[in-house]
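Before any comments, here is the structure.
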Amino acid sequence: MLVLASGLAMARPELQQVMSMVSDYAQLLETEIPRLRRYARALTRDAARADDLVQSCLVRAIAKAHLWQPGTDLRAWLFTILHNQHVNEIRRSVRESVSVAVEDVAPILTVAPNAAASLQLLDLERAIDTLPEEQRQVILLVGLEGMRYEDVSAILDIPIGTVRSKTEVSPNARSAAPRRQPNGVAGRRAA
């Protein structure tokens, strides 16, 4: 018998089983890190803040590992934690009146020699940036991460109908959206 720090007695085979479960959980977490980082970067628009957000998400996931049920969707559970951590950070910064100069956080944009694809991505980034926060989160989870509406609904804690409506594009928005001409110049679609 082995006595753990908590005072529980555990036989060696039981301890090995627990250690194996912890190792499996750590491997599952590790496979989700790239997706978490991608979503965090899209949310924060800042690599350092995104990495901090992912780290706090993983710390919380490890601390709350006993709440995750094997066989359920770990990815959705982690995205829920990440989303809640992000919301908490925003609330904290509003409460503490933390403000950052736009010049400090604005990304430096460069144009590649073949600028058409870069310009399209820039247009997409600008269009996504104009969306309200809740709609942007839905679009990123559905479009970027390829998540099902049901999972997005659970992660953001909003009704599934709201998720569906946030992914629809109105005909007015479609006709007003900039469209790149073959020469790479942005234009407007004909109404």
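The values are calculated or read from the model by the stated rules, or taken from the named source; none is laboratory data. Bear in mind the structure is a predicted one, so any value in this text is a computation, not a measurement. Every residue, glycine among them, receives a Cβ derived from its backbone with ideal geometry; neighbour counts consider all protein chains shown.
Does the range 81-91 contain at least one residue that is exposed (fewer than 11 other Cβ atoms within 10 Å of the Cβ) and either modelled with pLDDT of 85 or more or not aliphatic (A, V, I, L, M) (or both)?
yes
Count, please, the residues in the range 59-86 that happen to be under 13 Å from Leu156 (Cβ atoms) and in contact (Cβ under 8 Å) with a residue 60 or more places away in the chain.
Within the range 59-86, residues that are under 13 Å from Leu156 (Cβ atoms) and in contact (Cβ under 8 Å) with a residue 60 or more places away in the chain number 4.
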